[in-house]
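What follows draws every value from the coordinates through simple rules; no lab data is involved. Note that the structure is predicted; figures quoted are calculated from it, not measured. Because the Cβ atoms are built from the backbone with ideal geometry, glycine has one as well, and the counts that use them run over all protein chains shown.
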Amino acid sequence: MTGLPQAIGDLSDDDLLELYTADAVAPWLRVNFVTTLDGSATAAGDGVSGSLGGPDDLRVFDLLRRVADVVLVAAGTVRDEGYGPMALHDADVAWRRSHGLPDHPVFAIVSGSLSLDPASRIFTQAPVRPIVLTSASAAGSPAASALAAVADVVPCSADDDPDTVDPARLRDALVARGLGTVHCEGGPSFFGALVAADLVDELTLTIDPTLEGGAGPRITHGGSNELRRFRPAHVLLGRDGVLLTRYVRAPDPGE
């Protein structure tokens, strides 16, 4: 007996989907991140997360997109990580069809400034018309008019703050469109805003067994000092010592 968790390589895709969707009843907001042992959300030297986690992390990453209604990402992360159009692999499309889902999830991009290029492949080659979630003020700008040709531009501000994207309004706007299973891929500032608004139902966190030792960012930062309690749903062991974890919101003490 080694005391190590179950190896992800021993599990089929169906096994993993059962683990990762247990008790996830829509509306449900999942956040997915990878981190080093010392808490860096990016790898030393390249400033992005893509080189962390390895093939098992990528396998889970694709499966989580497979079951999502919408993939939600802040515009800064879209630019930094080099996102392309939100098109799934053929096997994922076939699975979704067999389960009565549209071929691809919707790609929803959060941008307060609307500094997005309408000619980007994200929009021009999208299999499903993307959504751009922005502030009420920005929604009336020329940039919004240009983006409206290739995406649905949706204002998501609180009534008393038209210059800011309100996370709760954003989540409600997605749910109102029938996009109840929300899969968020960052970035840290947006994750921090979701935490502060107490909207996170689940965190799927891959822990890469490396020490960055530099000034890499945490997976979340923001202005909230209140603790939110989560419980571990599972821990899996990947290749090269990678740990793949799932945490879900713990019930309130009074429940």
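Worth pointing out:
- Qualifying residue in segment 220-231 (condition: of a type in the set (A, V, I, L, M) and touching a Leu at 6+ places or on another chain (Cβ under 8 Å)): no
- Residue within segment 196-203 that is in a loop (DSSP other than H, G, I, E, B), farther than 17 Å from Arg171 by Cα and more than 12 Å from the chain's Cα centre (by Cα) present: no
- Selection count where residues are within 15 Å of Ser224 (Cβ to Cβ) and without any contact (Cβ under 8 Å) to a residue 24 or more places away in the chain, scope segment 167-209: 0
- Scope segment 141-161; condition out of contact with any helix residue (DSSP H, G or I) (no Cβ under 7 Å at 6 or more places or on another chain) and among the hydrophobic types (A, V, I, L, M, F, W, C); matching residues: Ala143, Ala146, Leu147, Ala148, Ala149
- Checking Ala26 against (1) surrounded by 15 or more Cβ atoms within 10 Å (Cβ to Cβ); (2) part of a loop (DSSP other than H, G, I, E, B); (3) touching a residue at least 60 places away in the same chain (Cβ under 8 Å); (4) in contact with a helix residue (DSSP H, G or I) (Cβ under 9 Å, 6 or more places away or on another chain), the condition it does not meet: (1)
- Breaking point among (1) under 27 Å from Arg218 (Cα atoms); (2) touching a helix residue (DSSP H, G or I) at 6+ places or on another chain (Cβ under 8 Å), for Leu88: (1)
- When we screen Leu88, Leu72 for residues that are in contact with a Cys (Cβ under 6 Å, 6 or more places away or on another chain), at negative phi and aliphatic (A, V, I, L, M), the only hit is Leu72.
- Close pairs (8 angstrom Cβ cut-off, 6 or more residues apart or separate chains): under 21 Å from Ala68 (Cα atoms) in segment 113-141, part of a loop (DSSP other than H, G, I, E, B) and basic (Lys, Arg) anywhere: Ile131/Arg177
- Subset tally (residues that are assigned to a strand (DSSP E or B) and in contact (Cβ under 8 Å) with a residue 40 or more places away in the chain) for segment 224-255: 12
- Number of the exception - Ile219 against (1) touching a Ser or Thr at 6+ places or on another chain (Cβ under 8 Å); (2) part of a helix (DSSP H, G or I): (2)
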